[in-house]
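Each value in this text was obtained by applying a stated rule to the coordinates, not by laboratory testing. Nothing here was measured: the structure is a model prediction, and the numbers come from that model. Please note: Cβ atoms are built from the backbone with ideal geometry, for glycine as well, and neighbour counts cover all protein chains shown.
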């Protein structure tokens, strides 16, 4: 299976003023495309796993019949692909609130505001590059946590629901070192809540 860059459902400038056009274009066409290119290279070298969905590869990474070096590449670049694919889908210029998700968050965290507080703290305090996640555990519970680099919740057996990219490439052109401002403004373009 050869992966290709997913098309966005909105133009690069649609998330302004919260995320600028130049950042979106570079992030999508350069960063995400690079993850896809490297993932495809690994799959070409390992035809025995090439037809398995990347999510399945991440869930079963340790048992794949490939080299440790290629497992690391799948972790990094497969993770980069699935993480970004979700990131583009959950953002947009218009809200399309997922009412079932909203109710589940309210039940587990007490309120949307409390959830946002926990999520923001997780995103802002993450050291270095990585992601803040709302993900569903194998038992069906929603949890907030961060992961380094392009690690995906699939590696832990979790299903990613909401992911915020806190790598500097996601915000540096507009926000420079002001990650907290980026995180707070991001709620304006998260369409599912």
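Numbers below:
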quantity: Enclosed volume per residue, in Å³, of the convex hull spanned by Cα atoms of the range 99-186; calculated: 87 Å³
quantity: Burial ranking of peptide ranges 28-37, 78-87 (average Cβ count within 10 Å, highest at the top); calculated: 78-87, 28-37
quantity: The chain - mean residue ellipticity at 222 nm from DSSP helices (-39,500 (n - 2.57) per run, n ≥ 4, rounded to 500); calculated: -11500 deg cm²/dmol
quantity: Alpha-carbon centroids, the range 41-73 and the range 95-112: separation in whole Å; calculated: 35 Å
